[in-house]
1. Could you check, for segment B:211-219, whether at least one of its residues is of a type in the set (Ser, Thr, Tyr), more than 23 Å from A:Phe188 (Cβ to Cβ) and buried (at least 17 other Cβ atoms within 10 Å of the Cβ)?
2. How do the helices (runs of 4 or more DSSP H) wholly within segment B:73-146 filter down when requiring 1 or more residues that are touching a Gly at 6+ places or on another chain (Cβ under 8 Å): which remain?
3. Taking A:Leu179 as meeting all but one of (1) within 15 Å of the chain's Cα centre (by Cα); (2) more than 16 Å from A:Leu364 (Cα to Cα); (3) of a type in the set (A, V, I, L, M), write down the number of the exception.
4. If you take the residues in segment A:140-163 that are in contact with a Phe, Trp or Tyr (Cβ under 8 Å, 6 or more places away or on another chain) and of a type in the set (Val, Ile, Thr), which one is nearest to the other protein chains (Cβ to nearest Cβ)?
5. Looking only at residues that are within 8 Å of chain A (Cβ to nearest Cβ) and touching a helix residue (DSSP H, G or I) at 6+ places or on another chain (Cβ under 7 Å) in segment B:195-207, which one is modelled with the highest pLDDT?
6. Is there any pair with a first residue in segment B:84-101 that is surrounded by 15 or more Cβ atoms within 10 Å (Cβ to Cβ) and a second that is of a type in the set (A, V, I, L, M) and not in a helix (DSSP H, G or I) whose Cβ atoms are under 7 Å apart and which are 6 or more apart or on different chains, and what are they?
7. Sort out which residues of segment B:171-194 are in contact (Cβ under 8 Å) with a residue 24 or more places away in the chain and more than 14 Å from chain A (Cβ to nearest Cβ), and write them in order of number.
8. Please find, among A:Met109, A:Met100, the residue that is surrounded by 20 or more Cβ atoms within 10 Å (Cβ to Cβ) and either out of contact with any Gly (no Cβ under 7 Å at 6 or more places or on another chain) or without any contact (Cβ under 8 Å) to a residue 60 or more places away in the chain (or both).
Amino acid sequence: MKFVQNLFDATRPAVTTGKLKGLYPLHNALETMFFVPNHNAHSGAHVRDAIDMKRTMVTVIFALVPALIFGLFNAGYQHHLAIGQIESGWANFWTLENAMYGALKVVPMIAVTYIAGLAIEIYFAYRNKHAVNEGFLVSGLLIPLIMPVDIPLWMVAISTAFAVLIGKEVFGGTGMNILNPALTARAFAFFAYPTYMSGDKVWAGLSNVDGVSSATALGQYATTGSTDYSAWDAFLGIIPGSIGETSTVAILIGAVYLISTGVGSWKIMFSAVLGALAMGLVFNGVADLMISPEQQSYLAVPFYYHLVFGGFAFGAVFMATDPVSAAHTERGKWIYGFLVGVFSIMIRVFNPAYPEGVMLAILLMNVMAPLIDHYVVNANIQKRLKRAQTVQA
Amino acid sequence: MSTEVKPQEKERLFSKKNRKLLTDPFNESNPITVQVLGICSALAITVKMKPALVMGLSVIVVTAFSNLITSLIRNYIPNRIRIIVQLVVVAALVIIVDQILKAYVYDVSKQLSVFVGLIITNCIIMGRIEAFSLGNPPWKSFLDGIGNGAGYGAILIVVAFFRELLGSGTLFDVPILEPLGVYELGYKNNGMMLLPPMALIMLALVIWAQRSRTKSLIEKE
């Protein structure tokens, strides 16, 4: 490590006072990635805490690791299964071959996302003369995890660039964005290249095998009203789907870690699950009133299925809890999370064009979050005002 | 003692001031990107270059002639009913344009559908009549109309250029990307470009680019 430290020390004069002044944000970003910054406060009293933005972001990345590792194995497993090389079953899941195939597909995606996103971030840091923000550390890992394995790398790059530029930088960078950047990237890819993303045939690393592809559970539901995958398989995660979204178990491990470190809001996660369950139950209840059989069959999907299929768990744990774009008030978080759950299931069931509703539900609620906060804050003011008046009277 | 009145110096047809009337709407007072008028039609008809061009031309004709006509009769219009008079003039011109489009470019006219008729509600036209031609001589008003119509059309063309090129891979329905061979490299058309939200985003990017170039447009905080 001494060598790295020396390297940074040696190059510091060049970027602080020397010719390469413009590169200071880049230097600073790389240095703080390796070492705890030795910045000192210059005035006033400051409370110093080890949880700065970088630590928060790294915590989220740790929480994503189980889903990522499971995704690697699952990518290889689904691929080998689809080309008929292996039998289905857990015996063939945790194999080196699967992991190798998954890594070959996923690692380039992660690399492309980071290169495309960071290039724009660094350019804007340089242009606006501020340090490179850490926000993209998480977005850069989230984006590959919510993409199908098969998507061409250039689409990943364009979606990432769009999300960072239009979703974040035009609003003023990290912390100012209205929408979750990772979901913005997915939404862009979803609407721009629907054939790659549309949900029914998004899987499975098969570009070299023509005519073979496996439908996701939600895709099957949207077209036929039933699925081959059991809820238990979906819970464990050996079903086709985007890289990080399939295994509810792996996501739950991440959720526990996020909640225990206090980084993710348990209120949002919990109320999102409540919302989804409530909506699922309502749909189950009214299923018999529907006339057309397709509508009926989708409405009658057992309510707990919605929690384990598709990207719901991933969205509720990692996307809806984004501290920037979620509601900020404590009561607002309950409302926000609940509505995320409700709209996710509603879009899934009612709109056959969008087999997956979580992305759109969270983006919609991202937009609504400031409104929720506004009313929660106002209600609080009114309440206290009333109290003060009764005390006075 | 002569009471000879010194003849007023006649302003040249394309004096500096008049030229400014033509060129200003392209940048500093562009109807779409600066005054944010006429957005709805800009979103609706910029999927392809051809309708955008035809729409731009139609709006140039309507703004120019409605400005000219109202300016000619500006001293005879009773102030109270001026909006009705303006509407009559604009409506007549729009109907003429609509009929001409139907007669000569029927397919484009079908694509533009209601938006030709809706030129009458385009805020640019009423805005220019109210703000300019009611208080200025005919020639100037005519130039102002052409300038604003063209400023509007220019933005439509820019937005439509990117939307058609990236969304369909064509320009004026002529394949551009296919002969270049980019599809063989794995390129796919961007379906989002064909959806209305992308027009809004393209417009925002145009405004961004324009403001970075013309610093005088940036509001002081």
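The values are calculated or read from the model by the stated rules, or taken from the named source; none is laboratory data. This one's a predicted model, so the numbers in the text were calculated from it and none came from an experiment. Cβ sites come from the backbone with ideal geometry, for glycine too, and all protein chains shown count toward neighbours.
1. no
2. On the way: elements: B:82-104, B:106-112, B:114-117, B:123-131.
Helices (runs of 4 or more DSSP H) meeting the threshold: B:82-104, B:123-131.
3. (2)
4. Of everything passing the filter in segment A:140-163, A:Ile158 is nearest to the other protein chains (Cβ to nearest Cβ).
5. The selected residue is B:Ile201.
6. As it stands, the answer is B:Val85/B:Ile77, since those pairs meet every condition given.
7. B:Leu171, B:Phe172, B:Asp173
8. Values: A:Met100 fails: surrounded by 20 or more Cβ atoms within 10 Å (Cβ to Cβ).
Testing whether each residue is surrounded by 20 or more Cβ atoms within 10 Å (Cβ to Cβ) and either out of contact with any Gly (no Cβ under 7 Å at 6 or more places or on another chain) or without any contact (Cβ under 8 Å) to a residue 60 or more places away in the chain (or both) leaves just A:Met109.
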